[in-house]
1. For MET101, only one of the following conditions fails: (1) surrounded by fewer than 21 Cβ atoms within 10 Å (Cβ to Cβ); (2) in contact with a Phe, Trp or Tyr (Cβ under 9 Å, 6 or more places away or on another chain); (3) closer than 26 Å to LYS9 by Cβ. What is its number?
2. From (1) open to solvent by 40 Å² or more (accessible area, probe 1.4 Å); (2) in contact (Cβ under 8 Å) with a residue 40 or more places away in the chain; (3) of a type in the set (Val, Ile, Thr), pick out the condition that doesn't hold for THR120.
3. If the Cβ limit is 9 Å and pairs must be 6+ apart or interchain, which residue in the range 161-178 that is in contact (Cβ under 8 Å) with a residue 60 or more places away in the chain and of a type in the set (Lys, Arg) pairs with which residue that is part of a strand (DSSP E or B) and open to solvent by less than 80 Å² (accessible area, probe 1.4 Å)?
4. If I ask for residues that are more than 24 Å from ALA48 (Cα to Cα) and open to solvent by 30 Å² or more (accessible area, probe 1.4 Å), which ones from the range 187-208 would you list?
5. Pick out the one residue from ASP117, ASP99 that is of a type in the set (Asp, Glu) and not in a helix (DSSP H, G or I).
6. Looking at GLY38, is it within 20 Å of PRO89 (Cβ to Cβ) and more than 16 Å from the chain's Cα centre (by Cα)?
7. Take the conditions of a type in the set (Phe, Trp, Tyr) and more than 28 Å from GLY19 (Cα to Cα) and apply them to TYR169. Does it pass?
8. Which condition breaks for ARG215 when tested against (1) buried (at least 16 other Cβ atoms within 10 Å of the Cβ); (2) under 27 Å from ASP29 (Cβ atoms); (3) basic (Lys, Arg)?
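The values are calculated or read from the model by the stated rules, or taken from the named source; none is laboratory data. As the structure is a computational prediction, the values presented were derived from the model and not from experiment. Here the Cβ positions follow ideal geometry from the backbone for every residue, glycine too, while neighbour counts run over all protein chains shown. Accessible surface is based on the protein model in full, side chains and every heavy atom, while ligands, DNA and RNA are left aside. Shrake-Rupley method; radii C 1.70, N 1.55, O 1.52, S 1.80 Å.
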Amino acid sequence: MSGESATAKPRIDKLVTSGTFSLDGQDFDVDNNVWLIGDDSEVFVVDAAHDAAAIRAAIGDRRLLGVISTHGHNDHINAAVEVAGSAQPAAPIYLHPADLMLWDVVHPEVRPEPLSDGQTLAVAGLTLTVLHTPGHSPGAVCLHVPELATLLSGDTLFCGGPGATGRSYSSFPTILESIRTRLLELPAATTVLTGHGDSTTIGDEASGYDDWVTRGH
């Protein structure tokens, strides 16, 4: 037999988990998008949030190549160590080193593998290119998957504007610069899979950029 079944093709699956985001002495109830990129045999998990058991169930019997953290806020990493450690052998965890101060609040006993701008990771014939997009946090990254015309934006870009700033380690001018120079240069039809809430496209968000600058958030 030749060819692949439809279920064997590379894909991105979505899992929504719920929990608490904590920063600067405040707690917020949040729903997080967990993304699983791969095929029927291997997968990366992007942002292992809140519920390790649910994430492991979504992985199933696929080989876990790694857990990629788009940034170090606790709601994006709090299940990372358990998920990675449940693989045999244990899978690596990836994080940009500029967010280690956030990581260490949650997992001081574990040192993640460093992500760097332009780094590529491969899974199921796909190339995940790391784009360093500081602003929401110093080490925030996005993942561009050109074969699927998709960007996983973490908390850098949402449907309706940039990720939140105004808390520790964040900067509104910096996130605007990251979005303008790194993300809005991508093709307008690129699908944007966000860290929370609904998906969008680069073209739809580009049309609102000047409004974000005016409103200041």
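1. (3)
2. (2)
3. Once the first residue is in contact (Cβ under 8 Å) with a residue 60 or more places away in the chain and of a type in the set (Lys, Arg) and sits in the range 161-178, its partners that are part of a strand (DSSP E or B) and open to solvent by less than 80 Å² (accessible area, probe 1.4 Å) give ARG167/LEU23.
4. Within the range 187-208, PRO187, ALA188, ALA189, ASP204, ALA206, SER207 qualify.
5. ASP117
6. Against the criterion (within 20 Å of PRO89 (Cβ to Cβ) and more than 16 Å from the chain's Cα centre (by Cα)), GLY38 does not qualify.
7. Details: of a type in the set (Phe, Trp, Tyr): yes; more than 28 Å from GLY19 (Cα to Cα): no.
Judged against the criteria, TYR169 is not a match.
8. Answer for ARG215: the failing condition is (1).
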